[in-house]
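Worksheet for the structure shown next.
The values are calculated or read from the model by the stated rules, or taken from the named source; none is laboratory data. Nothing here was measured: the structure is a model prediction, and the numbers come from that model. Ideal geometry is used to build each Cβ from the backbone, glycine not excepted, and the neighbour counts take in all protein chains shown.
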Amino acid sequence: MSPIAHVEELPRREVLQTLARRYHHLQNEHKRSGLESGVRRRIEEQLLDVRERFDRLLEEWVPDSELRQAWREHLHNRVAAPAGPAAIRPLVFRGRSEAGAVVEVRGRGGDELEVEIDGSVVARIAGEKDFTPVIPSFRWRFDGVEFGELFDVSNEALDALADFLRNDESPPWEHAAELLADGLIDTNAALTPRGRRALSRRE
């Protein structure tokens, strides 16, 4: 399955939440900035950018007009975020065995993880800490089989993520869906251990 096809099958709630959190954070900074300061003008530009991205993604991803309005209320009036669309299930590891089997480990809430091999759920386990190493050659052993890590993310998305971390600029919103889907960032646009491993491979 190609990275784009994989991302397109996933719901987008996390991306909308991430943008809304960024917008609210910028609003707080805007209130604290001086009326005529250059910082205030820069924040205003960032607010506009985030709002435009939010509106565009809302139109693309949420066909229900009432749900779109609920998300706008969340952005502008800080009411609770609506329940839909369904959330992306966090991916903490994807790998392939020497025999070609593909494993995916995803969060289920709390410390519980779900293990899928070749698309079938085979186990539920505890221990997200097992996936915290940041070495680029990370491998995971399950049921006697070792899996080398795979990443289904484009070079463009990785470049944007690296630039964001290096230059402390605005998060790479145009690639947020792809980065979230592959488990490289969390809903606050913070780098995950899997994201650190992906970037380490490029160094």
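Details
- Residue match in segment 157-170 (condition: modelled with pLDDT under 85 and in contact with a Ser or Thr (Cβ under 7 Å, 6 or more places away or on another chain)): no
- Condition met for Glu156 (acidic (Asp, Glu), assigned to a loop (DSSP other than H, G, I, E, B) and within 30 Å of His25 (Cα to Cα)): no
Every residue, every condition in (1) under 30 Å from Pro193 (Cβ atoms); (2) assigned by TED's automatic domain parsing to the domain that holds Phe138; (3) within 21 Å of the chain's Cα centre (by Cα); (4) surrounded by 11 or more Cβ atoms within 10 Å (Cβ to Cβ), yes or no:
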position: Val50; (1), (2), (3), (4): yes, no, yes, yes
position: Asp64; (1), (2), (3), (4): no, no, no, yes
position: Glu73; (1), (2), (3), (4): no, no, no, yes
position: Ile117; (1), (2), (3), (4): yes, yes, no, yes
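- Residue among Ser154, Ser200 that alone is out of contact with any strand residue (DSSP E or B) (no Cβ under 9 Å at 6 or more places or on another chain) and either assigned by TED's automatic domain parsing to the domain that holds Val103 or surrounded by 14 or more Cβ atoms within 10 Å (Cβ to Cβ) (or both): Ser154
- Residues located in segment 9-38, provided they are without any contact (Cβ under 8 Å) to a residue 12 or more places away in the chain and of a type in the set (A, V, I, L, M): Leu35
- Residue within segment 178-190 that is in a strand (DSSP E or B), farther than 30 Å from Glu66 by Cβ, of a type outside the set (Phe, Trp, Tyr) and free of Cβ contacts under 8 Å to residues at least 12 places away in the same chain present: no
- The combined condition, being in a strand (DSSP E or B), over 17 Å from Arg89 (Cβ atoms) and free of Cβ contacts under 8 Å to residues at least 60 places away in the same chain, is not fulfilled by Arg166.
- Count of residues meeting criterion [exposed (fewer than 14 other Cβ atoms within 10 Å of the Cβ) and out of contact with any Pro (no Cβ under 9 Å at 6 or more places or on another chain)] in segment 77-93: 5
- The listed residue being in contact with a helix residue (DSSP H, G or I) (Cβ under 7 Å, 6 or more places away or on another chain) and surrounded by fewer than 18 Cβ atoms within 10 Å (Cβ to Cβ), out of Ala162, Ala177, Ala126: Ala162
- Pairs are defined by a Cβ separation below 8 Å, a sequence spacing of at least 6 or placement on different chains, a first member in segment 92-116 that is free of Cβ contacts under 8 Å to residues at least 24 places away in the same chain and outside any strand (DSSP E or B), and a second member that is surrounded by 16 or more Cβ atoms within 10 Å (Cβ to Cβ) and not hydroxyl-bearing (Ser, Thr, Tyr); the pairs so defined are Asp111/Glu128.
- Filtered residues of segment 94-113 (kept if crowded, with 16+ Cβ neighbours inside 10 Å and closer than 18 Å to Thr192 by Cα): Arg94, Gly95, Glu104, Val105, Arg106, Gly107, Leu113
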